[in-house]
Amino acid sequence: MKFFVDTAEIADIKDLAATGLLDGVTTNPSLIAKSGRDFLEVTKEICAIVDGPVSAEVISLDHEGMMREAEILRKIADNVCIKVPLTIDGLKTCKALTSDGTKVNVTLCFSANQALLAAKAGASFISPFIGRHDDNGFDGLDLIRDIRLIYDNYAYETEILAASIRHGVHVLECAKIGADVMTAPPAVIKGLFKHILTDKGIEGFLADWAKTGQKL
Ligand code: E4P
């Protein structure tokens, strides 16, 4: 499973990229606002840190506006992936951009039927939002299961990018279901390294090492 980080914070992206496990980055207008940075500038910086796709989201709601914004965004770097909402205009834009060789991430997916539409429009990635689905009384992981089944039935190449991930169990279950990618906030990814028995083990080894009186 590929790991993307869901943030526009440069320090976090650099930190995770240094571990070698970062395959891409996703941003959205809320994350850009939270960073306090200029959208185009910060996207350019992120694209220089990671080789993989960096999702940058259009703001317009109409096809012409989305195409105009995508034109600006895709000039930033070769690894920019244009993020469009799952609407009729979003999918028209998806079709036009992917036919032209640009990677497109279709975002705000909350049903398997929507995911089917995105695959038919040639999306590179579909982003089902697990956490927000859970928050509204649905099972976000069931959504990932249904999309996996449908995409496999028809051998669609659109990658399932599990988004709105809130904790390690979401990551684990997505890996078991076979999501192609997951995107999570830095804290969730860093949390995957943690285990109480790892910490206790280190503590025990260090205590025993101190008893030897040796130095390395
Ligand atoms: C995905 O690309 C989105 O940016 C993101 O995962 C949304 O997550 P949230 O529900 O935690 O805002």
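What number of residues in region 117-134 are free of Cβ contacts under 8 Å to residues at least 60 places away in the same chain, surrounded by fewer than 24 Cβ atoms within 10 Å (Cβ to Cβ) and under 19 Å from the mean Cα position of the chain (by Cα)? Total satisfying the criteria: 7. Name the residue that is farthest from the chain's Cα centre (by Cα), counting only residues in region 42-78 that are within 16 Å of the ligand (Cβ to nearest atom) and part of a loop (DSSP other than H, G, I, E, B). Going through the qualifying residues, I end up with Ile59.
Just so you know, in region 15-41 the residues that are within 14 Å of the chain's Cα centre (by Cα) and among the hydroxyl-bearing types (Ser, Thr, Tyr) include one that is nearest to the ligand (Cβ to nearest atom), and it is Thr26. Applying the condition of being touching a Pro at 6+ places or on another chain (Cβ under 8 Å) and in a helix (DSSP H, G or I) to region 116-153 and asking which residue is farthest from the ligand (Cβ to nearest atom) yields Ile147.
This table checks each residue for (1) in contact with a Gly (Cβ under 6 Å, 6 or more places away or on another chain); (2) at pLDDT 95 or above; (3) within 22 Å of Phe3 (Cβ to Cβ); (4) not β-branched (Val, Ile, Thr).
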| position | (1), (2), (3), (4) |
| --- | --- |
| Cys109 | no, yes, yes, yes |
| Ala112 | no, yes, no, yes |
| His133 | yes, yes, yes, yes |
| Tyr151 | no, yes, yes, yes |
| Thr158 | no, yes, yes, no |
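The values are calculated or read from the model by the stated rules, or taken from the named source; none is laboratory data. Because the structure is a prediction, the values reported are computed rather than measured. Reconstructed Cβ throughout: ideal geometry from the backbone, glycine too, with neighbour counts over all protein chains shown.
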